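Enquirer: This is the structure I want to talk about, given as structure tokens.
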Amino acid sequence: TAAKVLAMNSAANAPEWVTAGGGILQYKHVIKTDTQAINSPNFGMTLISGLSVAITPSSTNNKILVNVGIQSDSADGYRSAGIIFRGSTGIGLGTNTGSRKPATFGIYGKPNGHHSTHQAVLDAPSSTSAITYTVGVGHEGSGSAIIGINRSHADSNDATHARLSSYISVTEISGGIL
């Protein structure tokens, strides 16, 4: 019948017809088209303004697929990195060992170039409350170096520099299919 699929029963010994469900339940997308110069030394992780999206999962069993695309230029050649946050909690972080800083993604470290970073994280927030996802970036230096978002480091007003856009998107996926 309509909206039914054939699946194995819970005892795993016979097929049965069950109500279909699952898949993509909702999708939200935010694009940032303006620029930002961020000075966030010692990997301080300053949030990128205008790059946040809220979603309210319909079940605590569901997962949220978070995708980000950041257009940036490094801070004077310093190593730079970013974190995707669920509220104030970093997600998709690398292992924190020794003095190394955990981060979700790295940013290429050559100044005055346009660098595209894309990262996906499958999050399991176990919540039906509204959740806001944001992105923060920082660099290793301790001075006034910047990370240019949607622009080159120098942001020169000439035909060799571009203005870009970044995005964050979230997709709620039924926990039954993952």
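Enquirer: Treat every Asp and Glu Cβ in the chain as -1 and every Lys and Arg Cβ as +1, leave all other atoms uncharged, and give the resulting dipole magnitude about the Cα centre to the nearest 20 debye. Show your work: numbers first, answer last.
Expert: Numbers: 11 positive and 9 negative charges, 36 e Å.
Value, rounded to 20: 180 debye.
Enquirer: In addition: Looking at VAL18, HIS118, ILE131, which one has the Cα that reaches farthest to the positive end of the dipole of the chain (charges on Cβ: Lys, Arg +1; Asp, Glu -1)?
Expert: Positive-most Cα among the choices belongs to VAL18.
Enquirer: Moving on to the next point. Using the Cα gyration tensor of the chain, with a ≥ b ≥ c the square roots of its eigenvalues, what is the shape: rounded (a/c below 1.5), prolate (a/b larger than b/c) or oblate (neither)? Let's see the in-between values first.
Expert: Details: a/c = 3.07, a/b = 2.24, b/c = 1.37.
Judged from the Cα gyration tensor, the chain comes out prolate (a/c at least 1.5, a/b above b/c).
Enquirer: Note down the nm distance, to one decimal, between modelled labels 7 Å out along Cα→Cβ at HIS29 and at THR89.
Expert: Simple spin-label model gives 2.8 nm for this pair.
Enquirer: State whether region 82-125 is rounded, prolate or oblate according to the following rule on the C-alpha gyration tensor (a ≥ b ≥ c being the square roots of its eigenvalues): a/c under 1.5 gives rounded; otherwise a/b larger than b/c gives prolate, and the remaining case gives oblate. Spell out each step's value before the answer.
Expert: On the way: a/c = 2.64, a/b = 1.43, b/c = 1.85.
It comes out oblate by the Cα gyration axes.
Enquirer: Separate question: Within the chain, how many Lys pairs that are eight or more residues apart, or on different chains, come under 25 Å at the alpha-carbon? If you can, show how the numbers build up before the last one.
Expert: Details: LYS4/LYS63; LYS28/LYS63; LYS32/LYS63; LYS32/LYS110; LYS101/LYS110.
Qualifying lysine pairs in the chain: 5.
Enquirer: Per residue, how much accessible surface does the chain expose to a 1.4 Å probe? Answer in Å², no decimals.
Expert: Values: 9130 Å² over 178 residues.
Result: 51 Å² per residue.
Enquirer: Heavy atoms only, probe 1.4 Å: what % of the accessible area of region 42-130 goes to carbon and sulfur, would you let me know? Kindly include the intermediate steps, with their values, before the conclusion.
Expert: On the way: 2010 of 4350 Å².
Roughly 46 percent, rounded to a whole number.
Enquirer: Also, quick follow-up: Calculate the FRET efficiency for LYS101 and THR56 from the Cβ-Cβ distance with a Förster distance of 35 Å, rounded to the nearest 0.05. Could you put the intermediate results ahead of the total?
Expert: Numbers: r = 31 Å, r/R0 = 0.89.
Efficiency, from the Cβ-Cβ distance: 0.65.
Enquirer: How much net charge surrounds ILE168 when only the other residues with a Cβ under 13 Å from the Cβ of ILE168 are counted, with Lys and Arg +1 and Asp and Glu -1?
Expert: Working: positive: LYS28, LYS32, ARG86; negative: ASP123.
Taking every Cβ under 13 Å from that of ILE168, the sum is +2.
The values are calculated or read from the model by the stated rules, or taken from the named source; none is laboratory data. Note that this is a predicted model, so its numbers are computed, not measured. Note that each Cβ is placed from the backbone with ideal geometry, even for glycine, and that neighbours are counted across all protein chains shown. Ligands, DNA and RNA are excluded from the accessible area calculation, which covers all protein heavy atoms including side chains. Shrake-Rupley method; radii C 1.70, N 1.55, O 1.52, S 1.80 Å.
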